[in-house]
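Here is the structure we will look at, set down as structure tokens.
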Amino acid sequence: PHSKLKGILLGVSAVITALSVILHLTVDFSPVVIGIACGVATVLAGNEIFLKGIKSATKLKLDETTLLTVAVIAAFCLGEFTEAALVTILFCFGELLEDIAVSRSKKNIETLAQIRPDKAILIENGKEVEVPAENVKIGSTILVRPYERIPVDGTIVQGNSSIDTSAITGESVPVDGAKGTEVMSGMQNGEGVIKVVTTKTAENS
């Protein structure tokens, strides 16, 4: 919802700025009117950025929001109204794309977390014991049967199989899994039985 609101405000700002430029080029419009229109567009698009810039300036921190705020104020003082609005719109458009990318990344991570097994087959004293994946300690040996997903990051110490890494890397072709191959939680084992020594806990996998 927040990104949608930012997108709407950005669109309105772009329309106002475009109309201002067209009127400025085609009609002998008063610079004051152009300045007010571009000022409204600039505030609508960059209100959050300017607030961050002002807060950073009060803390004596120099970042991109502070620089943008100073640049926009300077442009208005020099009468470069449309330039100030365009710079603000372009900057905020970049911020919006970044927000969308981060949101998609979070969803992808949540999807990966859902496919990760919550159980692991732990090998203790030669016996197979099913335990919660979160209880598997680093250095433990786990058994992964054919077509099961690997519950914890580790290294294959026994067995050969093909490993489907598409859920993690996006690679559609399975990789060969043999002794010494590093595997990650969420990858799917192929047709062979493998034993894996864990290198991370489930929480950090």
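Values as computed for the structure displayed
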| read-out | value |
| --- | --- |
| For peptides 119-132, 47-60, 65-78, 147-160, sequence by mean Cβ density within 10 Å, most packed first | 147-160, 65-78, 47-60, 119-132 |
| Of all accessible heavy-atom area on the stretch 10-59, the percent that carbon and sulfur account for (1.4 Å) | 77 |
| Zone residues, the stretch 170-203, relative to residue 158, backbone N less than 16 Å from point 7 Å out along Cα-to-Cβ | 178-181, 192-198 |
| Residue-averaged [θ]222 nm for the chain, counting only DSSP H segments that reach four residues, each worth -39500 (n - 2.57) | -18000 deg cm²/dmol |
| Angle between the chain longest axis and helix 31-58 axis [Cα atoms, degrees, rounded to 10] | 40 |
| 25 Å Cα-Cα threshold exceeded, pairs from 4/107; 179/200; 119/200; 106/195 | 106/195 |
| Selection from 84, 125, 56 lying farthest towards where the dipole of the chain points positive, charges on Cβ | 125 |
| Net length gained if the chain between residue 118 and residue 70 were fully extended (0.36 nm per residue, minus Cα distance) | 12.1 nm |
| Leading residue at positive end of dipole, the stretch 163-205 (Cβ point charges), from 166, 198, 184 | 198 |
| Dipole magnitude of the chain, debye to nearest 20 (Cβ charges: Lys/Arg +1, Asp/Glu -1, about Cα centre) | 400 |
| Mean accessible surface per residue for the chain, computed with a 1.4 Å probe while every protein chain stays in place, in Å² | 61 |
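The values are calculated or read from the model by the stated rules, or taken from the named source; none is laboratory data. Source: prediction; values computed, not measured. All Cβ positions, even for glycine, are placed from backbone atoms using ideal geometry, and neighbour counts span all protein chains on display. When the accessible area is computed, the model is the full protein with side chains, heavy atoms only, and any ligands, DNA or RNA have been set aside. Shrake-Rupley method; radii C 1.70, N 1.55, O 1.52, S 1.80 Å.
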